[in-house]
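The structure appears below as structure tokens.
The values are calculated or read from the model by the stated rules, or taken from the named source; none is laboratory data. All values derive from a computational prediction rather than experimental measurement. All Cβ positions, glycine included, derive from the backbone under ideal geometry; neighbour counts span all protein chains shown. Ligands, DNA and RNA are excluded from the accessible area calculation, which covers all protein heavy atoms including side chains. Shrake-Rupley method; radii C 1.70, N 1.55, O 1.52, S 1.80 Å.
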Amino acid sequence: MRIWKFILLCCFVVGNGNAAFAQSESLWTYRAEVGTDFPVMIGGKIEIEGPRRLLLSTSLGTLPESYVDTINAASEGLGWYSPEVSTLISAALENSLVWRALVGWRPWKQRGFHFSGGYTLVTLGGGLSGAELVAVLTGQELSSGANSERNLSVASTSHMLNLELGWSWSLWRGLFLRTSLGGAFTVAASSVITPQWTPRPRFESSVNELARAGEDYLNETLVSYVHTGFLGISLGWEL
């Protein structure tokens, strides 16, 4: 009997969720959410649903270092790049700000299913990387003006395209749960690598050359290999 009660409760929750979304068929509906798209971001989201169930949303959050580690671990496992490359990517992206804008559609008024696509900006993060690591990855000669104890500041901005499928369940009086599956794909990147010391004049050109080579290498790597699937889960309130 307990199993049947549990099944009936689940059916009630799903059914109630579908009906709740159907009530807004001819109205503008506003929703606010907090959650995560693992391993892309943690943050908040505002969504507007129009009369024909068209969806417009924007999200703002952060990319934690642990999420970057997850992306790197998957890429290493697939043989896309080495642990040394992972170290440079982590330095470039850790704790970045993530902004997303999506357009979507909920095809059926009696169901919580939706799909969407759009743009993601990953920027304003970064950290330090050893000059020796950048020299090894780029094949540049490490001059006396950039010895192994020197650090470089590394920061990147990534432009990504997003696709996702999701489902929403109404829980209680406007409170709802949303889950999604999707992918984020880097299509462009720009990086800035800056020495954290002042080179002597005779070494300045070689240090700048090392930094430029590192920027080019990082940009190419991000566009070629930093793509990831994600699992989203969020809790929201229909306003």
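Worth pointing out:
- With all protein chains modelled, accessible area of Phe113 [1.4 Å, Å²]: 50 Å²
- Extension gain from Trp197 to Tyr119, taking 0.36 nm per residue of separation minus the Cα-Cα distance: 24.5 nm
- Take every pair of alpha-carbon atoms less than 8 Å apart whose residues are at least six positions apart; their mean separation over the length of segment 86-165 yields a relative contact order of 37 percent.
- Label point 7 Å beyond Cα of Val136 along Cβ direction - residues of segment 73-98 with amide nitrogen under 14 Å: 82-89
- Dipole magnitude for the chain: computed about the Cα centre from +1 point charges on Lys and Arg Cβ and -1 point charges on Asp and Glu Cβ, it is near 1380 debye.
- With all protein chains modelled, accessible area of Ser57 [1.4 Å, Å²]: 20 Å²
- Axial C-alpha extent at least 27 Å, average Kyte-Doolittle at least -0.5 - helices from the chain (DSSP): 2-22
- When the Cα positions of Leu93, Gly229, Val34 are compared along the charge dipole of the chain, Val34 comes out farthest toward the positive end, with charges on each C-beta of Lys, Arg, Asp and Glu.
- Cα gyration tensor shape for segment 61-107, rounded if a/c is under 1.5, else prolate or oblate: oblate
- Ser66-Glu149 FRET efficiency (beta carbon distance; Förster radius 25 Å; 0.05 resolution): 0.35
- Given a 1.4 Å probe and the protein chains as shown, Ile48 ends up with an accessible area of around 50 Å².
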